[in-house]
Amino acid sequence: MRFFSPWVFLLLLIIPVYIFIKIRVRSTGSIGFSSLTNLRKAGISLRQRLSVIPLVLRIAALILLIIALARPQMGREKVKDVTKGVAMAMVIDRSGSMGAEMEYRGSRMNRLEVVKRVFREFLMGNGKNLEGRASDLVGMVAFARYADTMAPLTLGHGALLRFLDTIDIVKRRSEDGTAIGDAIALAAARLKTAGENMTSGSDSKENEYNIKSKIIILLTDGQNNFGKRNPLEAAALAAKWGIKIYAIGVGGEGVSTIRTLLGSFKVPQSNQVDMETLNRIADKTGGLSRQAEDEESLRKIYEEIDRLEKSEIESVRYVDYRELFVPFAMAALLLILLERALACTVFRRIP
């Protein structure tokens, strides 16, 4: 607790002067008696013994009024967290070629499944070199012949993982293909309006969220062969909106499992990643391009991105003061009323 005007307590020096004057004035009156013997025998009544109560009440009221004038305030420290996070869109290839196998922790699984598992580590942390991206806005776009928004930009990463589980390799031949340009353009459009979506629908200023940077993490194992936009046009659009692209080519020489009525067959699959285009996409937007041939190299790429794109949380501390003078003023008023009531009834003096 603090007092806004502590100098007001100097008024307390008046109280001793006031007490002295009151006692002095009461002692000036006198009546002459020939003998005080009988008067001493009469004793002192209870009313006389308690006659000092009105003076005590008045002094107490004065003290309370002085405290109220000093404006006591109770301070409560508040913390406002200002988060400067990264808005990122994961753009994941789910074309048929992503069914080729690659190594994951000593076993073989398709490329898409490896991409999903390592992305989960990047998002939530793995207790080692990846701490997770808890303060970042993350959304997902998946593409094959067509690009689709799988999850909007959100801080609710638990829900995001459920959307991630729904991404699967395309089953129909009519949907297969690799529309990298359209996927980049769709993700860039989502990121462009990210700041507007964060501020709308929230009246609370307690915790503020500022977007530090906007990035696209593109994962593909092929080359653009469908879509309205080519990748370089989409990259130019992203660069115009201040969005960096981290382009990751997934897979090298691999084996794809083909399932037929006669059983499953493993077919060798050559590396078809268009790294030249991915390099140009990254250069145009100020990002970087890398190729991952297995789970370990993909994780290292994520670790590199994690170091480059850091979120910041700044805590602004301030004190919110609440006025406490009202209880003191009300108590002083009640004491004054009580003192006046007693002075006019029980302790009334004549003259």
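The values are calculated or read from the model by the stated rules, or taken from the named source; none is laboratory data. The structure displayed is predicted, hence computed values, not measured ones. Reconstructed Cβ throughout: ideal geometry from the backbone, glycine too, with neighbour counts over all protein chains shown.
The table that follows gives values for the structure above.
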read-out	value
Residue check for E121: buried (at least 18 other Cβ atoms within 10 Å of the Cβ) and over 30 Å from I21 (Cβ atoms)	yes
Number of the condition not met by G106 [criteria: (1) in the same structural domain as E293 (by TED's automatic domain parsing); (2) modelled with pLDDT of 85 or more]	(2)
Those helices (runs of 4 or more DSSP H) lying entirely in segment 4-100 with at least 3 residues at pLDDT below 80	14-26, 37-42, 46-49
Condition broken by G158, with the remaining ones in (1) touching a Lys or Arg at 6+ places or on another chain (Cβ under 7 Å); (2) not in a strand (DSSP E or B) satisfied	(1)
Boolean, A187 is at pLDDT 90 or above and touching a Lys or Arg at 6+ places or on another chain (Cβ under 6 Å)	no
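This table checks each residue for (1) under 30 Å from I63 (Cα atoms); (2) modelled with pLDDT under 90; (3) in a strand (DSSP E or B); (4) among the hydroxyl-bearing types (S, T, Y).
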residue	(1), (2), (3), (4)
E296	no, no, no, no
R307	no, no, no, no
V316	no, yes, yes, no
V326	yes, yes, no, no
